[in-house]
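Structure first, commentary second.
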Amino acid sequence: MSGANGKSTRGLFGERFAVVALLAMGIALAYVRFGLLPAQEQGDTLEFAFENPMLDARPGERVLFFQPDYPANRSCTVVRPEGVVLRPHKGSDQIAEHTSLRAGLPYLACDIHNVQRGPDTCGGQLSGTVLYALNYFGMPLDTQVRVDSIRPRWMRWEERELAVYEIVFERYGSLGGRWTTYLAREAPVTGLVKWTSLLPNQTTVIFREVVDGPGR
């Protein structure tokens, strides 16, 4: 009887060991399938550490931009001598057509030129002065926005992979609709690399073509 009991015990132990081994194998396969493989496919994760690129803008810094559908209509953004105003109450109360600035939000003041073909890359007629609000993600100061999400991601730009921040928001008023903006510290002036909007449907690509100027 004792011999039979010993064989029964050993058989039961063997069955339990087989079950445990199968469970361990299943867990290992699941980890590879749902843990390692997706991580390898997604590439390196990005730490969220957003800092507004406009804080690095310098007076005289310039950048060209245009819409792919209208490549001939190019504009040049030039940072005005006022540069980034972190405390508006200490700055000018009026810049071009913009008034009552000392009681407003921090901004980046830029002149916009219509670019003409020729030796002066950033020449052309002055079309106006735009104040970019520091917390409006590349939008003018008089724009109203509601941010839905901000996330870091990798993006192909200028033949290389660039770490950017993708900001999705609703813009109200002029050109109202759902917008997606991509910002990067490496992009000059506003940090804007690209933006897309649904209403109206358009895509604007910002090229990193900086013309030498004061502060460069």
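The values are calculated or read from the model by the stated rules, or taken from the named source; none is laboratory data. Since the model is a prediction, treat every value here as computed from it, not as a measurement. Virtual Cβ from ideal backbone geometry, glycine too; neighbours counted across all protein chains shown.
In the set (1) over 26 Å from P88 (Cα atoms); (2) touching a Cys at 6+ places or on another chain (Cβ under 9 Å); (3) of a type in the set (A, V, I, L, M), the condition left unmet by V130 is number (1).
Every residue, every condition in (1) among the hydrophobic types (A, V, I, L, M, F, W, C); (2) at pLDDT 90 or above; (3) over 19 Å from the mean Cα position of the chain (by Cα), yes or no:
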{"site": "G128", "(1), (2), (3)": "no, yes, yes"}
{"site": "L134", "(1), (2), (3)": "yes, no, no"}
{"site": "E166", "(1), (2), (3)": "no, yes, no"}
{"site": "F169", "(1), (2), (3)": "yes, yes, no"}
{"site": "S174", "(1), (2), (3)": "no, no, yes"}
{"site": "A184", "(1), (2), (3)": "yes, no, no"}
{"site": "I206", "(1), (2), (3)": "yes, no, no"}
{"site": "D212", "(1), (2), (3)": "no, no, yes"}
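Only residues that are in contact (Cβ under 8 Å) with a residue 60 or more places away in the chain and within 11 Å of the chain's Cα centre (by Cα) were counted in the range 193-204, giving 0.
Residues in the range 70-102 that are in contact with an Asp or Glu (Cβ under 6 Å, 6 or more places away or on another chain) and among the aliphatic types (A, V, I, L, M): V78, V79, L101. The lone criterion from (1) under 17 Å from G191 (Cβ atoms); (2) touching a Lys or Arg at 6+ places or on another chain (Cβ under 8 Å) left unmet by V147 is number (2). Looking only at the range 170-181, residues that are closer than 15 Å to L134 by Cα and touching a Lys or Arg at 6+ places or on another chain (Cβ under 6 Å) come to 0 in all. Among the residues making up the range 150-164, those that are over 11 Å from the mean Cα position of the chain (by Cα) and not hydrophobic (A, V, I, L, M, F, W, C) are R156, E158, E159, R160, E161.
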